[in-house]
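Okay, so here's the structure we're looking at.
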Amino acid sequence: MPTDSPMASLVEPEKPKLADWAYGELRRYIIEGVLPPGTRLVESKITESLRISRTPLREALRRLEQEGLLERHLGGGLRVTDVSMDEIHEIMDMRALLEGHCAALAAAGISAGEMAQLVQAHHEAERAIHSHDLAALTEANTQFHEGIVGAARAPRFTAIIDGIRESVLRFRSEALSDELTRQHSFEQHTEILRLLQAGDATGVEALMREHIRDIEKHLTSTRRGTS
């Protein structure tokens, strides 16, 4: 089909804007810790690394600043924001309440297919623990929690949890930073699966809340130890 045809735009995928692409790349670097908190962003280095001009880069940086992932610092320019302990406590409070309730709802009506996906994510986590692959473990754990929230079939709760997910993703690797914590978390996931399979809404809600509180305790301890 000729590129000047009025139908071309309907059948040919639109090329992503450079600003959208740069935003996605930088956002991923921040969430995955490639650009850790406090990192000062130098435009000239980023344009060279991403091979884009300053105009789309500045648009991407504005979006990240609006989302709170970047902040202005006193010396001028932008740097990656950190998540304070107060913010972590607030986020984990919300997670404990919301995900605990979603776990109870899931226990009442989770499908065989949804349960199979949770079991698969749990097996992936076990393999990641044995191979000491922290990236794979955090991804498997994220799929496990997201699977339970999805099985609750509570779109308003899901929307709220989605709203705080970005903040959670930024310290999910930190939450599993030592072997004992990883093993304890895995054992709790094993018991959560058992309670879901048994349809024990009360038990799984209590355990999910305890599980998230334990993650919060570990984060608090880790940050105090490095402060």
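Check off (1) crowded, with 17+ Cβ neighbours inside 10 Å; (2) in contact with a His (Cβ under 8 Å, 6 or more places away or on another chain) for THR190 and give me the number that stays unchecked.
Every condition holds for THR190 apart from (1).
In region 149-178, what residues are among the charged types (D, E, K, R) and either open to solvent by less than 60 Å² (accessible area, probe 1.4 Å) or assigned to a helix (DSSP H, G or I) (or both)?
Matches in region 149-178: ARG156, ASP162, ARG165, GLU166, ARG170, ARG172, GLU174, ASP178.
Within the set of pairs 6 or more residues apart or between chains, which connect a residue that is on the phi > 0 side of the Ramachandran plot inside region 190-219 to a residue that is open to solvent by 60 Å² or more (accessible area, probe 1.4 Å) and in a helix (DSSP H, G or I) with Cβ atoms less than 8 Å apart?
GLY199/ALA108
Write out, first by first residue and then by second, each pair whose Cβ atoms fall under 7 Å of each other, whose residues are 6+ apart or on separate chains, and whose first residue, in region 144-166, is under 20 Å from HIS123 (Cβ atoms) while the second is open to solvent by 60 Å² or more (accessible area, probe 1.4 Å) and in a helix (DSSP H, G or I).
Filtered contacts from region 144-166: GLY147/GLN117.
Can you tell me which residue in region 72-102 is modelled with the highest pLDDT, limited to those that are part of a loop (DSSP other than H, G, I, E, B) and touching a Pro at 6+ places or on another chain (Cβ under 7 Å)?
Across region 72-102, the extreme among qualifying residues is THR81.
So which pairs qualify, if the first residue must be in region 54-71 and free of Cβ contacts under 8 Å to residues at least 24 places away in the same chain and in a helix (DSSP H, G or I), the second must be open to solvent by 20 Å² or more (accessible area, probe 1.4 Å) and basic (Lys, Arg), the Cβ gap must be under 8 Å, and the two must be at least 6 apart or on different chains?
GLU65/ARG72
Mind checking which residues of region 64-81 are under 16 Å from ILE164 (Cα atoms) and among the hydrophobic types (A, V, I, L, M, F, W, C)?
Matches in region 64-81: LEU64, LEU69.
If I ask for residues that are in contact with a strand residue (DSSP E or B) (Cβ under 9 Å, 6 or more places away or on another chain), surrounded by 13 or more Cβ atoms within 10 Å (Cβ to Cβ) and among the small types (Gly, Ala, Ser), which ones from region 33-55 would you list?
Selection gives nothing.
Report whether or not GLU205 is touching a helix residue (DSSP H, G or I) at 6+ places or on another chain (Cβ under 6 Å), open to solvent by less than 60 Å² (accessible area, probe 1.4 Å) and modelled with pLDDT of 95 or more.
Numbers: touching a helix residue (DSSP H, G or I) at 6+ places or on another chain (Cβ under 6 Å): yes; open to solvent by less than 60 Å² (accessible area, probe 1.4 Å): yes; modelled with pLDDT of 95 or more: yes.
So GLU205 fits the description; yes.
Just for region 112-129: of the residues that are of a type in the set (D, E, K, R) and open to solvent by less than 80 Å² (accessible area, probe 1.4 Å), which one is nearest to ILE148 (Cα to Cα)?
GLU114
In this structure, does LEU105 turn out to be in a helix (DSSP H, G or I), in contact with a helix residue (DSSP H, G or I) (Cβ under 6 Å, 6 or more places away or on another chain) and touching a residue at least 24 places away in the same chain (Cβ under 8 Å)?
No; evaluated as a whole, the condition is false for this residue.
The values are calculated or read from the model by the stated rules, or taken from the named source; none is laboratory data. This is a predicted model, so every value here is computed, not measured. Because the Cβ atoms are built from the backbone with ideal geometry, glycine has one as well, and the counts that use them run over all protein chains shown. These accessible areas exclude ligands, DNA and RNA; they are computed on the full protein's heavy atoms, side chains included. Shrake-Rupley method; radii C 1.70, N 1.55, O 1.52, S 1.80 Å.
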